[in-house]
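The structure that follows is given in the form of structure tokens.
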Amino acid sequence: MTAPVPAPDATTDTIAAIATALGEAGVSVIRISGPQAFDIADRVFACKGEPPSQRSAGTFVFGHVVEGQTTIDQALCLIMRAPHSYTGENVVELQGHGGHQCAKRILRCCLEAGARLAQPGEFTQRSFLNGRMDLVQAEAVLDLIHARSARAAAAAMDQLDGQLSVQLHQLYDRLIATAADIEATLDFPEDELPETVMPALIERLQESRAQCEALLDTWDEGHLLRDGAVVVISGKPNVGKSTLLNGLLGRDRAIVSDTPGTTRDTIEEDLVIDGIPIRLIDTAGLRITDCEIEQIGIARTRNQMARADLHIHLIDASDPSDTEEVDRLLTNQSTKLLVIANKVDLIEASEKPPAEFSISATQDTDIKRVKRYISKKLSAQIDLHSRPHATISERHRDLLHKADSEIREVLSMLSTSSEDLVPLASSRMRDVLDYLGQVTGRTYHDELLNNIFSRFCIGK
Amino acid sequence: MSSHPFQYDVLVVGAGHAGYEAALAAARMGMRTGLLTMDRQAIGRMSCNPSIGGMAKSHIVCELDALGGELARNADFTGIQFRTLNTRKGPAVQAHRLQSEKAAFPTRVQAVIAGQSNIHIIEATAGNLHLEHGKLKGIITEDGSTILSRTVVIATGTFLGGKIHIGDRTIEGGRLGEMGAYQLSQTFQQLGFRMGRLKTGTPPRLHRESIDYHKTDRQPGVEPPPVFSRAAKRDLALFHVEQSGFRDRDERPPASPGPAMFHVEHLGTPLKPWLPGDRQIECYLTHTTEKTHEIIEANLARSAMYGGMIEGTGVRYCPSIEDKIVKFRDKPGHHVFIEPEGRDCIEIYPNGTSNSLPEEVQVEMIRSIPGLERAVFLKPGYAIEYDYLDPTQLYHSLESKVIEYLFMAGQINGTTGYEEAAGQGFIAGVNAAMKLRGQTPLLIDRHEGYLGVLIDDLVTKGTDEPYRMFTSRAEHRLILRQDNAPFRLLEKARAIGILTEAELSEIDHMQLRIGREIQRLKTTYENGNSLAQILRRPGMAYRGLPNRDGSLTATEIEQIEIDLKYEGYIEREHTQINKSSQLDRVRIPAQLDYDEITALRYESREKLKRILPENLGQASRISGVNPSDIAILSVWIKRLKG
């Protein structure tokens, strides 16, 4: 059995970590959680009147973080008592002046006073273990931290509020009831059961499938919000890909030169256009070359193109021969392809390159046009006018897919007249429940927990 | 041994289905066994329906036969009607059900005990445990004599604090006309056992000649009779040899020499009153009417069950007729099976009319059923309330966690049904013997047998209503079939040692032949398809295969067919077992102090402290203990183990 994430003494000792981001800031927060949180606070924090441990929950007090006789920082000390805290344990937060060095010294004091440095995700894990949130909500915390746009954050918040959990629990409960009915047809003589049992449960299974699929449908949007849309720029060497990238980013990220093959490796950068987080990938130019490094780069480019949500292929408007790749792409590429002719400033206005539109990547107005286009193209996959709502993650999608295809099997088994398939259908129903249970954490799996919590950063 | 201060190694209190199985198992394992009963004539009596098997219960009967229990043989050899239920739903949920001759069944049990060395019957009522400094030394009877025994198995059934209800009339008793055990009930209370009350019921008995059979549907038995035990299968096969001169579809006769007429010659004895399935009787089917329902509705307040006279919880799955009417008001009629209790018995058991109404209401109610208009009552139906001990106070071996060397089996653990009782009795008897021998107890996992599911459910979850077996209680239904019980339990049977070497090697041999034939079918081709593939086709049977092995027995062929046709699903279940038993393999150290684990929710902590699960898998099955609790426990265990 794989070791679960919790540290060997998790849930019994007191953990501490810096909860705010590294770097310079106005305030930094050190979070302490566990049975000794107040004792530790008493030791490291000096204030007028009663020490932190004697103060009531939901209050805060101004004072100093001290190490022996030395004052390290001024700080606010916030008191939260179990179970009414993020982790469900006693929690103290020390808000000191910003500055990483300062925060690190406060943390060190806490550790010396008996706390243990928290592992990544351990605060949230404790929250889960103490029943403060289910697995889906815990994952929302992660999404919230990583949210790269307001819409992504709103969707994560929706999930943290339990919106997705409610739907999943409903689905689970409906399927439990259905499974129970299938079992009943096996364990009771037919004449003791209402005749409508079978048709009713088939109907419920169909409803469950519909619900499953509706949840699965939220994935596209969820995936775009969580992972960002992948936009790949390709084209021949020296066609101006890096210029376009720099233009879209609004800064000089890639080296631009007249020498073909300047960009050998892919360059990845994040940006947000109209609330959609985007991962922009500038690829090595596609050409036949003997250079091994460049060949690797080109292979990678082909890879990137395959997984792109939007693929921008740049051609040189001034070079009429630059159509080979377009033809190739057009034959096997879908709606995700956008061909843009660059260097339109170098040709006569009457000439029309074989592209959806023409730009000069050095022109701000043209960059804006490209941005508008990207936004339009991607928002086809997200209804930006709808209220942000919780969406399923990759992990959920995987499990829901499995559950969905098992339900399909069960349905086809129950729809035949051979009753000897019913015991087999009931066996499959147990798998369905197992998959769904794994989504919300209603089924216990060591690996699953491991999987989910190891993705957290320290302090959460 | 002669200087041994104890009279017995194993003393069994109660001689119902749990009691005689416990006593026989212990005696067959060489233990000096005492069987304490109020009345030796009542040993093995069938208090309710003289029927054995049925859905999921038949699985237990077959498992008992595979391990060396008596129930299967006893039912088969006294059977007067044999049926198979759920035939259309595949082998996993198929179940045999037979009716025994009510008088022959206990007579046979008594004859088996009489012929078994090491068993001594004591007629008395147990009153107290004999404890010295808290250590169990035996039993003190109600009349004050002491019986010394190294271990004690309690199997008191409905007799522990038994109270009979017929309408508003209440009688003390363990069965109609028999006394209950009341002092013993107080003893358990004083010793601090957690106890509760349960209720079960039985229908009235009617005079056979007073029924108008023309108004009912005939329910004949099945030919050839589907029997439970390997012994009965062997006898049937022998009989076929004698009758027809060739062996066609059943068991090979045992390798032992001896005269071929052996079994036939011995028919007519209490052990084998007739050939199983010989002269099967018919049952009859009728139904309740609107009028029946009106009568019951009008008298609900006078029913012991609904009038508030009974505090115990009733059997949800084997409901009284009052229950059925109240809970399924929409249903215009409920089945009533008219079951003769024996060939020469005048009593009829109207299955489906269990109730606790006043006698005069029962008469009116029964007479509203087609065919029963002039029914004559021999005994009224009644409900019986009795004490049970919370089974979470037991280990999986059925030994008490409270008092060492004390074992519990049957209704005292909250179950209902002869089969459930007999299964526990057998396990308790075996484990009492194992304990005295210093051997590890016989434990059956949930994926090894329904007996394992039964005991794990009881000791892990407890029960607050009479517990009966269902196939849905098992996680791995396709592996736990009644047909493969001898094979899946072979190693357990070997460890117990009740089955003879010859019996064990016969099963070994069959298993070998089955495996070899499956291998051959998978590697022999016919027009590009393996014989196994051909056999897997819907509707295809082994006998339809080209190039088949004519020497295989019906049992072997059945296993081959099921193993191949359900191979994919059986493999799936094996994968699931491997996955789930990971948690079962994590033992919870005995020294674990749940109070130290503050992160556990209060409710979980209390439950874990009470049940003291032996491993994480068992902990995860406790209701109210949720996955996060298991995660916390898992962390602690890893820490304790360093």
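Evaluate the protein assembly as shown: find the radius of gyration of its Cα atoms, find its Kirkwood radius, and give the ratio Rg to Rh.
Checking Rg against Rh, the ratio lands at 1.07.
Out of every Cα-Cα pair in region B:1-86, what percent are more than 19 Å apart?
48 percent
Where does chain B land at 222 nm, in deg cm²/dmol rounded to the nearest 500, when only DSSP H runs of n ≥ 4 count, each adding -39500 (n - 2.57), divided by all residues?
-10500 deg cm²/dmol
Can I ask one more? If you roll a 1.4 Å probe over the heavy atoms of the protein chains, what accessible area per residue do you get for the protein assembly as shown, in Å²?
Per-residue value: 41 Å².
What FRET efficiency do you get for A:ASP270 and A:HIS64 if R0 is 41 Å and r is their Cβ-Cβ distance, rounded to the nearest 0.05?
0.55
Right, another one. What does a probe at B:HIS574 reach in region B:503-519, counting residues whose amide N is under 18 Å from the point 7 Å along Cα→Cβ?
B:511-519
Please give the FRET efficiency for B:ALA554 paired with A:LEU216, using the beta carbon to beta carbon distance and R0 = 35 Å, rounded to the nearest 0.05.
0.10
A further question follows. In nm, to one decimal, how far is the A:ARG174 label point from the B:ALA495 one, both placed 7 Å along Cα→Cβ?
Inter-label distance under the simple model: 4.5 nm.
Once every Cα of region A:15-134 carries one equal point scatterer and solvent is ignored, give the base-10 log of I(q)/I(0) from the Debye formula at q = 0.13 Å⁻¹, two decimals.
Results for region A:15-134 at q = 0.13 Å⁻¹ read -0.44.
How about region B:328-406: which GluC sites (Glu not before Pro) there lie in a loop by DSSP and see at most 13 other Cβ atoms within 10 Å?
Listed in order of number, the matching sites are B:GLU373, B:GLU404.
I need the trypsin sites (Lys or Arg not before Pro) found in region B:390-457, filtered to DSSP loop residues with at most 16 other beta carbons within 10 Å of theirs.
The qualifying sites are B:LYS401.
With a 1.4 Å probe on protein heavy atoms only, tell me which residues of region B:590-618 lose at least 10 Å² of accessible surface in the complex relative to the chain by itself.
Hits at the 10 Å² cut-off: B:THR598, B:ALA599, B:ARG601.
Just reorder B:CYS48, B:CYS62 by solvent-accessible area, largest first, 1.4 Å probe, all chains present.
Correct descending sequence by accessible area is B:CYS48, B:CYS62.
With each pseudo-label sitting 7 Å past Cα toward Cβ, what's the B:ASP330-A:ASN303 distance in nm, one decimal?
The two pseudo-label positions are separated by 6.0 nm.
So, one more: Can you check what the net charge comes to around B:GLU360, using other residues whose Cβ is under 15 Å from the Cβ of B:GLU360 (Lys, Arg +1; Asp, Glu -1)?
+1
Ignoring ligands, DNA and RNA, what percent of the 1.4 Å accessible area of the protein assembly as shown is carbon and sulfur?
Whole-percent figure for carbon plus sulfur exposure: 51.
Enumerate the whole-percent occupancy of each 10 Å bin, from 0 to the last occupied one, for all C-alpha pair distances of chain B.
Percent of Cα pairs in each bin: 3, 15, 24, 26, 20, 10, 2, 0.
Per-residue accessible area for A:LEU346 at 1.4 Å probe radius, Å² rounded to 10?
Its accessible surface works out to 110 Å², give or take rounding.
Given a Förster distance of 51 Å, report the FRET efficiency between B:SER581 and B:GLU294 from their Cβ-Cβ distance, rounded to the nearest 0.05.
Working from the Cβ atoms, E equals 0.40.
Something else: Any idea of the total accessible area buried by the B-A contact, 1.4 Å probe, rounded to 100 Å²?
Using a 1.4 Å probe, the pair buries roughly 3500 Å².
On the Cα set of region B:585-640, report Rg and Dmax in Å, please.
Cα radius of gyration and Dmax of region B:585-640 are 9.7, 26 Å respectively.
Grab the other residues whose beta carbon is less than 13 angstrom from that of A:GLY250, score K and R as +1, D and E as -1, and report the net.
0
Would you tell me the mean number of C-beta atoms belonging to other protein chains that fall within 10 Å of each C-beta in B:324-333, as a whole number?
Whole-number average of other-chain Cβ neighbours for B:324-333 is 1.
Could you compute the net charge surrounding B:MET38? Neighbours are other residues with a C-beta less than 12 Å from the C-beta of B:MET38; K and R count +1, D and E count -1.
Once positives and negatives cancel, what remains is -2.
Follow-up question, since we're still on this one. What figure, in Å² to the nearest 10, do you get for the accessible area of A:ASP364 with a 1.4 Å probe and non-protein molecules left out?
120 Å²
Next up: Which entries in B:LYS461/B:LYS579; A:LYS236/A:LYS377; B:LYS461/B:LYS492; B:LYS291/B:LYS327; B:LYS89/B:LYS272 show an alpha-carbon gap greater than 28 Å?
B:LYS89/B:LYS272
Can you pull the accessible area of B:HIS335 for me, 1.4 Å probe, Å² to the nearest 10?
My reading of the accessible area for B:HIS335 is about 70 Å².
Remind me, what semi-axes does region B:548-625 give for its equivalent ellipsoid, largest first in whole Å, using sqrt of 5 times each Cα gyration tensor eigenvalue?
44, 12, 10
I'd like the mean, over residues of B:466-477, of how many other protein chain beta carbons sit within 10 Å of each residue's own Cβ.
3
So for chain B, averaging the separation of alpha carbon pairs under 8 Å that are six or more residues apart and normalising by length, what relative contact order in percent results?
Taking the mean separation of contacting Cα pairs over the length of chain B, I get 18 percent.
Then there's this: Going from most exposed to least, what order do B:LEU531, A:LEU160 have by accessible area with a 1.4 Å probe?
A:LEU160, B:LEU531
What full-extension length gain, to one decimal in nm, is calculated for B:ARG169 and B:GLN511 as 0.36 nm per residue of separation minus the Cα-Cα distance?
117.4 nm
May I have the convex hull volume per residue, in Å³, for the Cα set of region B:500-573?
98 Å³
The values are calculated or read from the model by the stated rules, or taken from the named source; none is laboratory data. Only a predicted model underlies this, so the values are computations on that prediction, with no experimental measurement involved. Glycine gets a Cβ as well: all are built from the backbone with ideal geometry, and neighbour counts include every protein chain shown. These accessible areas exclude ligands, DNA and RNA; they are computed on the full protein's heavy atoms, side chains included. Shrake-Rupley method; radii C 1.70, N 1.55, O 1.52, S 1.80 Å.
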